[in-house]
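Novice: First the structure, then my questions, so here it is.
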Amino acid sequence: MDKLKAIKITVFILTFLLIFGTLCILGLLLNKNRPNSSNIPEEISLEQPQGSYIKEIQVNNEKLYILTVGGGIEDRIVIYDISDNKIITTVRTN
């Protein structure tokens, strides 16, 4: 009788581990398929003069390419690194 209880407990534990492992793997696969937009900060400072505004934004390889115009200076592209949360450089377009 004790052997039967041990076998039942073993089967229960192995079944639990199988189901738990399957659910963990499914969860990891579903997280990889979601777009990773959580890395983009909600608010950043571009350190541009007053009167400047953003005309266009492109995201590529953890970097934001921000076309900024106005503010009394020529058009420029601000390259912002999302992973470091800092401006890499500003490129003048003219």
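Each value in this text was obtained by applying a stated rule to the coordinates, not by laboratory testing. Please read all numbers here as calculations on a predicted model, not as lab measurements. Reconstructed Cβ throughout: ideal geometry from the backbone, glycine too, with neighbour counts over all protein chains shown.
Novice: Test each condition in (1) loosely packed, with under 10 Cβ neighbours inside 10 Å; (2) part of a loop (DSSP other than H, G, I, E, B); (3) not charged (D, E, K, R) for residue 31 and report the one that comes out false.
Specialist: That leaves (2) as the condition not met.
Novice: If I ask for residues that are polar (S, T, N, Q) and surrounded by fewer than 10 Cβ atoms within 10 Å (Cβ to Cβ), which ones from region 68-88 would you list?
Specialist: The answer is 83, and nothing else.
Novice: Any residue in region 1-28 that is at positive phi sitting within a Cβ distance under 6 Å of a residue that is among the basic types (Lys, Arg)? List the pairs, counting only those 6 or more apart or interchain.
Specialist: Listed pairs, sorted by first residue: none to list.
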